[in-house]
Amino acid sequence: MAVFVLDKAGKSLMPCSEKRARLLLERGRARVHRLTPFVIRLVDRQRADSALQPLTLKTDPGSRYTGLALVRQQVGRVSVLSLMELVHRGAAIRKALEQRAGFRRRRRSKNLRHRKPRFNNRTRRKGWLAPSLQHRIDTTLSWVRRIRRWAPITELAVERVKFDMQAMQNPEISGVEYQQGELAGYEVREYLLEKWGRCCAYCGTENIPLEIEHIQARSNGGSDRVSNLTLACRPCNQRKGNQPVEVFLKGKPELLARIKAKAKAPLRDAAAVNATRNALFVALLETGLPVATGTGAQTKYNRRSLNIPKTHALDAVCVGEVEAVSSWQRPTLTIKATGRGDYQRTRLTVQGFPRGYLTRQKRHFGFQTGDQVIATVPSGKPAFTVAAWPFAKQAASTSRLRAP
Ligand SMILES: [Zn+2]
C-alpha cells in the first residue's frame with residue numbers, strides 16, 4: 001500500500017512506497033503524521049521543489065460499499081497506488097429512522113388521538129434524498145476531500161450510471177454487436193439481465209445460459225431496440241423460432257401480457273437506481289477537479305477483459321476507459337462508517353417508552369467512547385484483552401490509564 005507523503009508545510013506530495021517511507025523515518029527525514037491510512041511528513045522538503053505526476057482518484061459507488069482507488073496515470077496504463085473500500089451504514093440509519101417513525105406513530109394514535117390531524121405542511125427541497133442515501137454521498141465526499149489533503153489528486157473518476165441509456169436506445173449501437181462482445185452489446189446484455197431478473201422470460205428457468213431473444217423476430221420486422229429484446233433459454237428460443245410472440249404464448253395470456261408490459265416499460269426503473277450516483281457526480285463536480293465518468297457495464301467489461309478479480313476497490317480501478325492496469329495486487333484498506341453518535345437524548349424501551357436520558361457531553365473523565373487507550377494493569381488477572389475492556393470500566397479506573 002502506498003504511503004501518503006506531506007511536505008514540511010503539510011502540503012501533499014506524491015505517495016511513496018512502504019520501504020521508502022521506512023527509510024525516510026529511520027533517517028529522521030520524516031515524521032509520522034497519521035496512522036491509518038499511513039501518512040508521513042517530510043521535515044526537509046517543500047512542494048515547490050518536488051515533481052508531481054497526474055493522480056486520479058476513482059470511485060465505484062455502491063449501496064453497501066463504495067470502492068476507492070488512487071491510481072497514477074501513465075502512458076497507456078494506470079498504476080494502482082492505493083485501494084480502499086468504504087463500508088456504508090445506510091441500513092443502520094434506515095432502521096433507526098423507521099423505529100423512530102414507529103414510536104411516533106404509536107404516540108400519535110394512542111396518546112394524542114384527540115388531536116386533529118395536522119395539515120401536511122412539510123416540503124422536501126429539490127434533489128432531496130433519503131438520509132440513508134444522503135449518507136453515502138456525504139461519507140464518500142468527505143473521504144475524497146480527506147485523500148485530497150494527502151495526495152495531489154488532479155482528476156476524479158466515478159461510475160455515474162449502471163447502464164448507458166443513450167447508447168442502448170440508439171439501435172445503431174445496439175445492433176448486431178451484442179453477439180460479438182463489444183462494449184455496447186455488453187451493456188445491452190447486462191441491462192437485459194437486470195431487467196428480466198436473470199431468468200428465461202418464457203419458462204422462468206434460472207442459472208442457465210440465456211440468449212438474447214427478439215420478442216418480434218427480426219425476420220418479421222422486429223427491431224433491435226431494447227424494448228423488443230428479452231432473454232430466453234436455448235430450448236425456449238428455438239421452440240419460438242420466428243413465430244410471433246402472440247402465437248408462441250397462445251395458451252398463456254397472462255404471461256404474454258406481462259412480457260409485453262415489461263418490454264415496453266421505459267428505462268425509468270434503471271434511472272431511479274441512478275439517482276444517488278448522479279447526486280454523487282454533481283457533488284464531486286463541486287470539488288473543482290475534472291470528473292471522468294463511466295458506466296457499470298463498462299467497469300465490468302474492463303475488469304473481465306483485464307482479468308482482475310471482483311472487489312469493490314478493484315471495480316473502482318476499472319471505472320471509465322482503462323487499457324491496462326499494473327500493480328493492482330495490493331491490500332485494501334477497509335473504512336467503516338460508524339456515525340458520530342446520536343441527536344436523540346432519550347433512550348427508549350422496545351415499546352418506545354422513555355427508559356433513560358443521555359448526558360449532553362460526550363467526554364467523561366477525559367475519555368470518550370472510541371478512544372484508544374493503553375491500560376497498565378499491574379495486578380489482578382484480567383480474563384480479557386486490554387483493547388476489548390468495556391469503556392465504562394475504563395473510565396471508572398482512570399488512574400490506571402493514560403491516553404496514548
Ligand atoms: Zn425457457
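The values are calculated or read from the model by the stated rules, or taken from the named source; none is laboratory data. Predicted, not measured: the structure shown is a model, and the values here were computed from it. Every residue, glycine among them, receives a Cβ derived from its backbone with ideal geometry; neighbour counts consider all protein chains shown. In case anyone asks, the SASA skips ligands and DNA or RNA and just uses the protein heavy atoms, side chains included. Shrake-Rupley method; radii C 1.70, N 1.55, O 1.52, S 1.80 Å.
If you go through region 3-37 and keep only what is without any contact (Cβ under 8 Å) to a residue 12 or more places away in the chain and among the aliphatic types (A, V, I, L, M), you end up with 23, 32, 35.
Residues in region 239-249: is at least one at pLDDT 85 or above, more than 14 Å from the ligand (Cβ to nearest atom) and closer than 30 Å to residue 57 by Cα? No, every residue in region 239-249 fails to be at pLDDT 85 or above, more than 14 Å from the ligand (Cβ to nearest atom) and closer than 30 Å to residue 57 by Cα. Within region 201-226, the residues that satisfy the criterion of being more than 11 Å from the ligand (Cβ to nearest atom), at pLDDT 80 or above, surrounded by 15 or more Cβ atoms within 10 Å (Cβ to Cβ) and under 19 Å from residue 256 (Cβ atoms) are 214, 215, 216, 217. For residue 12, the criteria (1) among the polar types (S, T, N, Q); (2) modelled with pLDDT of 90 or more; (3) surrounded by fewer than 19 Cβ atoms within 10 Å (Cβ to Cβ) hold in every case but one, which is (3). Checking every residue in region 38-46 against the condition of being open to solvent by 80 Å² or more (accessible area, probe 1.4 Å), touching a residue at least 24 places away in the same chain (Cβ under 8 Å) and under 24 Å from residue 327 (Cα atoms) gives zero matches. Within region 87-110, being open to solvent by 50 Å² or more (accessible area, probe 1.4 Å) and closer than 14 Å to residue 348 by Cβ holds for 95, 96, 97, 98, 99, 100, 104, 105, 106, 107. In the list 174, 132, 82, which residue meets the criterion of being small (Gly, Ala, Ser), modelled with pLDDT under 80 and open to solvent by less than 40 Å² (accessible area, probe 1.4 Å)? Result of the check over 174, 132, 82: 174.
Anything in region 148-162 that is crowded, with 19+ Cβ neighbours inside 10 Å and either of a type in the set (Lys, Arg) or within 28 Å of residue 91 (Cβ to Cβ) (or both)? List them, or say none.
Start the filter on region 148-162 by keeping residues that are crowded, with 19+ Cβ neighbours inside 10 Å, which leaves 150-151, 156-162.
Scanning region 148-162 gives 156, 157, 158, 159, 160, 161, 162.
Among residues of region 185-200 that are more than 17 Å from residue 262 (Cβ to Cβ) and away from the ligand (no atom under 16 Å from the Cβ), those with a Cβ under 6 angstrom from a residue that is in a helix (DSSP H, G or I) and open to solvent by 30 Å² or more (accessible area, probe 1.4 Å), sequence gap 6+ or separate chain, pair up as 185/177; 186/301.
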